[in-house]
Amino acid sequence: RLLIKFAFLFAVVIALYSSQLKVDCVTLFGTLPADSMERLQGVTTLDLSCTQLAGSIPTELGTISSLERLDLSQNGLVGTIGSEILALPELATLALHDNSLSGTVPDALVMMDDLQNFKIYKNKLSGTIP
């Protein structure tokens, strides 16, 4: 937990000077620290793919209203695709593939006006894609 918190907070400092936060394929381990999301206002790209994250997608992601691209793919995320994703009005790309997410794809997700690229394959989802 300490390792991911340090690495993520370091990346947050870098993001303060950029609109992109890319930490892809760096071994972070642990869960995504929810208390760091408020520091990411203004970030348009959040790429934490292939970082060995575990746990669920934090609801606090929904507070980063500037996000256009969110990539949490190739991790060990569990739980459902929650309403926090639906709170991102500018989101154009959402990559959640290669995790262990379960449940169904929320119907409201396909109603997002800017969403153009949506990857959810290789999860444990059930039901149909709306």
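The values are calculated or read from the model by the stated rules, or taken from the named source; none is laboratory data. From a predicted model like this one, the values you see are computed outputs, not experimental measurements. Every residue, glycine as well, gets a Cβ built from its backbone with ideal geometry; the counts of neighbours run over all protein chains shown. For accessibility, only protein heavy atoms count, side chains too; no ligands or nucleic acids. Shrake-Rupley method; radii C 1.70, N 1.55, O 1.52, S 1.80 Å.
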Handout entry: Those residues of segment 36-56 which are under 19 Å from A87 (Cα atoms), open to solvent by 10 Å² or more (accessible area, probe 1.4 Å) and not acidic (D, E), in sequence order
Key = R39, Q41, G42, T44, T45, S56
Completion exercise
When segment 116-130 is checked residue by residue, the ones that are aliphatic (A, V, I, L, M) and either in contact with a helix residue (DSSP H, G or I) (Cβ under 7 Å, 6 or more places away or on another chain) or free of Cβ contacts under 8 Å to residues at least 24 places away in the same chain (or both) are none
Practice task
Enumerate the pairs (first residue in segment 44-66 and farther than 15 Å from L91 by Cβ; second residue anywhere and open to solvent by 40 Å² or more (accessible area, probe 1.4 Å) and aromatic (F, W, Y)) with beta-carbon separation below 7 Å, excluding pairs fewer than 6 apart on the same chain, so at least 6 apart or on different chains.
Solution key: Q52/F29
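Are any residues in segment 68-100 outside any loop (DSSP other than H, G, I, E, B), out of contact with any helix residue (DSSP H, G or I) (no Cβ under 6 Å at 6 or more places or on another chain) and either without any contact (Cβ under 8 Å) to a residue 40 or more places away in the chain or surrounded by fewer than 17 Cβ atoms within 10 Å (Cβ to Cβ) (or both), and if so, which ones? Let's see the steps before the verdict.
Here is the first cut: in segment 68-100, the ones outside any loop (DSSP other than H, G, I, E, B) are 69-71, 76-79, 83-86, 93-95, 100.
Next, only the ones that are out of contact with any helix residue (DSSP H, G or I) (no Cβ under 6 Å at 6 or more places or on another chain) stay: 69-71, 76-79, 83, 85, 93-95, 100.
Scanning segment 68-100 gives R69, L70, G76, L77, V78, G79, S83, I85, T93, L94, S100.
Taking the stated definitions as given, is K22 modelled with pLDDT of 90 or more and open to solvent by 60 Å² or more (accessible area, probe 1.4 Å)? Outline the logic, then answer.
On the way: modelled with pLDDT of 90 or more: no; open to solvent by 60 Å² or more (accessible area, probe 1.4 Å): yes.
When the stated conditions are applied, K22 does not pass them.
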Exercise for the section: Quickly run through segment 101-129 and pick out the residues that are farther than 17 Å from S65 by Cβ, assigned to a loop (DSSP other than H, G, I, E, B), open to solvent by 30 Å² or more (accessible area, probe 1.4 Å) and of a type in the set (A, V, I, L, M, F, W, C). Expected result: I129
Exercise for the section: Mind listing whichever residues of segment 79-103 are under 15 Å from P58 (Cβ atoms) and of a type in the set (D, E, K, R)? Expected result: E84
